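*Asks:* Sharing a structure with you now.
Read-outs: derived from the displayed coordinates by stated rules, not from any lab. Bear in mind that the values here come from a model prediction, so they are computed numbers and not experimental data. As a convention, Cβ positions derive from the backbone with ideal geometry for all residues, glycine included, and neighbour counts pool all protein chains shown.
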Amino acid sequence: AQKVTQAQTEISVVEKEDVTLDCVYETRDTTYYLFWYKQPPSGELVFLIRRNSFDEQNEISGRYSWNFQKSTSSFNFTITASQVVDSAVYFCALSEGTSGSRLTFGEGTQLTVNP
Amino acid sequence: DTAVSQTPKYLVTQMGNDKSIKCEQNLGHDTMYWYKQDSKKFLKIMFSYNNKELIINETVPNRFSPKSPDKAHLNLHINSLELGDSAVYFCASSPGRLAGGETQYFGPGTRLLVL
């Protein structure tokens, strides 16, 4: 069975600090996909990134970067120079290749960036 | 243009009532989903349809019934509403390959409150 764990329930930082959100996953499939979504206070779910299990290259998009390590089953998300607008709940999610795109979400991490 | 839309955005109703939530996507996707987000922000899949065919049916009370009149619409009917049904319900869509791992794009959510 697939499982995603986000051990950090809440993180609070001061603006301009770097922050890393942890995500650990469990799956028996060799083909799987990992995602991060952002849920700002307005409530919508915003797609951030998708990664497949065969691509361990780290990715950077502006202030966002993702570190995928199969050896530790982790897919961590770092925000550099955080801003108040980054305050949101961030979800890590997993989809197995055999599960028909079913997304299994972690519990989410509430990030608060204070001015 | 809104990619995935849901109506209504808010729904307040009494226990025992029957209600429906509508979802429409204009992305040309073949697969649509319903997720439930509980009071602790935990997201869990309920149903998935591919081209009007039910492909995922999680352990959901049979008071919940999805209906897909065409591949651009997926509605959720809830009969005999209970207090525990209070949650945010998200509709999502993805292109439609059944191999898994597709990026899902979410609607704005419908906040249901059962009194």
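*Asks:* Take the Cα pairs of chain B, get the Kirkwood Rh, then feed it into Stokes-Einstein at 20 °C and 1.002 mPa s and tell me D in µm²/s.
*Replies:* D = 153 µm²/s.
*Asks:* Mind checking which of B:Tyr89, B:Gln14, B:Gly28 is farthest towards the positive end of chain B's charge dipole, using Cβ charges of +1 (Lys, Arg) and -1 (Asp, Glu) about the Cα centre?
*Replies:* Selected residue: B:Gln14.
*Asks:* Restricting to Cα atoms and excluding each atom paired with itself, what does the Kirkwood estimate give for the range A:1-91 in Å?
*Replies:* When all Cα pairs of the range A:1-91 are included, the Kirkwood radius is 13.9 Å.
*Asks:* Sticking with this structure for a sec: If you bin the C-alpha pair distances of the protein assembly as shown every 5 Å from 0, what whole percents do you get?
*Replies:* 1, 7, 14, 18, 18, 17, 13, 8, 4, 1, 0
*Asks:* Next question, about the same structure. Please arrange B:Ile55, A:Ile79 by how many other C-beta atoms lie within 10 Å of their C-beta, fewest to most.
*Replies:* Lowest to highest Cβ neighbour count: B:Ile55, A:Ile79.
*Asks:* Same structure again: With unit charges on the beta carbons (Lys and Arg positive, Asp and Glu negative) and the dipole taken about the Cα centre of the protein assembly as shown, which residue among B:Ser48, A:Val14, A:Tyr90 sits farthest to the positive side?
*Replies:* Ranked along the dipole, the leading option is B:Ser48.
*Asks:* I've got another one for you. If one computes the Cα centroid of the range A:48-96 and of the range A:15-32, what distance in Å separates the two points?
*Replies:* Cα centroid of the range A:48-96 versus Cα centroid of the range A:15-32: 6 Å apart.
*Asks:* How large is the charge dipole for chain A, taken about the Cα centre, if only the Cβ atoms of Lys, Arg (+1) and Asp, Glu (-1) carry charge, to the nearest 20 debye?
*Replies:* Rounded to the nearest 20 debye, it is 240 debye.
*Asks:* Further, regarding this structure: In straight Cα distance, which lysines are under 21 Å from B:Lys36, not counting same-chain residues fewer than 8 positions off?
*Replies:* A:Lys3, A:Lys38, B:Lys9, B:Lys19, B:Lys22, B:Lys44, B:Lys52, B:Lys67, B:Lys71
*Asks:* Sort A:5-13, B:16-24 by the packing proxy (mean of other Cβ within 10 Å over each peptide's residues), most packed first.
*Replies:* The packing order, highest mean first, is B:16-24, A:5-13.
*Asks:* Something else now. Looking only at other chains, what is the average number of their beta-carbon atoms within 10 angstrom of each beta-carbon in B:30-43?
*Replies:* 3
*Asks:* If you take each beta carbon of peptide B:102-109 and count the beta carbons of other chains within 10 angstrom, what is the mean?
*Replies:* 6
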